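What follows is a single structure, written as structure tokens, with notes after it.
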Amino acid sequence: MSAIASGEVVRLCTMGSVDDGKSTLIGRLLHDRKLVLDDQLAAVRDASARRGWDGLDLSLITDGLRAEREQGITIDVAYRYFATPRRRFILADTPGHVQYTRNTVTGASTAQVALLLVDAERGIGEQARRHAFVASLLGVPHLAVCVNKMDKVDWDEERFVAIRERLSRFAALLGFRDVAFIPLSALHGDNVAERSRRTPWYDGRRVCSAWAMRWSCFPRACRRPSRPSRTGCRSRPRSRR
Ligand SMILES: Nc1nc2c(ncn2[C@@H]2O[C@H](COP(=O)(O)OP(=O)(O)OP(=O)(O)O)[C@@H](O)[C@H]2O)c(=O)[nH]1
Ligand SMILES: [Mg+2]
């Protein structure tokens, strides 16, 4: 049965601080999986050239609003859709700027997987912790921490491990069902759709397969996750998610 016929939908959202590379990651994912239409790609190439880019600014695949392109930040949630033979996917690219946290919450409110971006060079900021907390409050069951911009730290394993150690301690308090950590470069495409040769010390999943294979419990997870009640308490115990 096709994914559309089976109706199995996986919803993902990006989260994380401003400029950590969320839109670039979604653009990279869609581009490398050949999911961007030719005319869309031509428009992004033109817009990139106008902004002085040599190649493609992949963040422009989702940052389509004039204000977003002028300010170089995401403001509204952008949804992108694609399907594989087994599943349909809805990607929500959310803003990282604290001023637009309400939009981030909207994008995350129906997600089953949060892709939480952390800039490898800048490390874990307040906004990354805030977004991890928001994701847990909204009942998002799966967290994939994408340690991005590894190119800026020379693919340093120790840097990745230090971020993983610190954030996994924090995430453990939040009760996610799974937490995965992926070292990547959205700009250069390492460990996004293709496995990187620049991280020989890493044998985990790429971004594009992290949710598809490790979490084989998706059919259950695809049900609406529990929501906080008006009192802020969960309507269902976490153990039932
Ligand atoms: N060196 C390097 N730069 C990157 C990488 N990924 C993204 N960038 C750059 O980081 C800047 C911000 O990227 P965006 O994708 O717009 O960041 P964002 O998280 O979507 O930002 P907001 O939506 O405004 O919160 C851009 O200049 C990107 O080219 C990466 O892997 N390496
Ligand atoms: Mg963005």
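The values are calculated or read from the model by the stated rules, or taken from the named source; none is laboratory data. This structure is a prediction, so every number in the text was calculated from the model and none was measured. Using ideal geometry, Cβ is built from the backbone for each residue, glycine included, and neighbour counts are taken over all protein chains shown.
Is it true that Y100 is more than 12 Å from the chain's Cα centre (by Cα) and either more than 14 Å from ligand 2 (Cβ to nearest atom) or exposed (fewer than 14 other Cβ atoms within 10 Å of the Cβ) (or both)?
Judged against the criteria, Y100 is not a match.
Quick check, is V113 within 27 Å of R166 (Cα to Cα), in contact with a strand residue (DSSP E or B) (Cβ under 9 Å, 6 or more places away or on another chain), away from ligand 2 (no atom under 16 Å from the Cβ) and in contact (Cβ under 8 Å) with a residue 24 or more places away in the chain?
yes
I'm trying to understand the selection: among the residues of the range 142-166, which are buried (at least 17 other Cβ atoms within 10 Å of the Cβ), outside any helix (DSSP H, G or I) and within 13 Å of ligand 1 (Cβ to nearest atom)?
C146, V147, N148, K149, W155
Quick one: in the range 13-40, which of the residues that are among the hydrophobic types (A, V, I, L, M, F, W, C) and not in a helix (DSSP H, G or I) is nearest to T110 (Cα to Cα)?
C13
Which number in (1) within 14 Å of the chain's Cα centre (by Cα); (2) within 15 Å of ligand 2 (Cβ to nearest atom); (3) without any contact (Cβ under 8 Å) to a residue 60 or more places away in the chain marks the one condition that V105 misses?
(2)
I'd like to know if the range 99-108 contains one or more residues that are near ligand 1 (Cβ under 10 Å from one of its atoms), among the hydroxyl-bearing types (S, T, Y) and farther than 24 Å from H188 by Cα.
Checked the range 99-108: at least one residue is near ligand 1 (Cβ under 10 Å from one of its atoms), among the hydroxyl-bearing types (S, T, Y) and farther than 24 Å from H188 by Cα.
Go through (1) modelled with pLDDT of 95 or more; (2) more than 10 Å from ligand 1 (Cβ to nearest atom); (3) hydroxyl-bearing (S, T, Y) one by one and return the number of the condition Y81 breaks.
(1)
Can you spot a residue in the range 46-59 that is of a type in the set (D, E) and part of a helix (DSSP H, G or I)? Break it down stepwise before answering.
If we filter the range 46-59 for residues that are of a type in the set (D, E), which is where we start, we get 46, 54, 57.
After this cut, where a residue has to be part of a helix (DSSP H, G or I) as well, the list is 46.
Yes, some residue in the range 46-59 is of a type in the set (D, E) and part of a helix (DSSP H, G or I).
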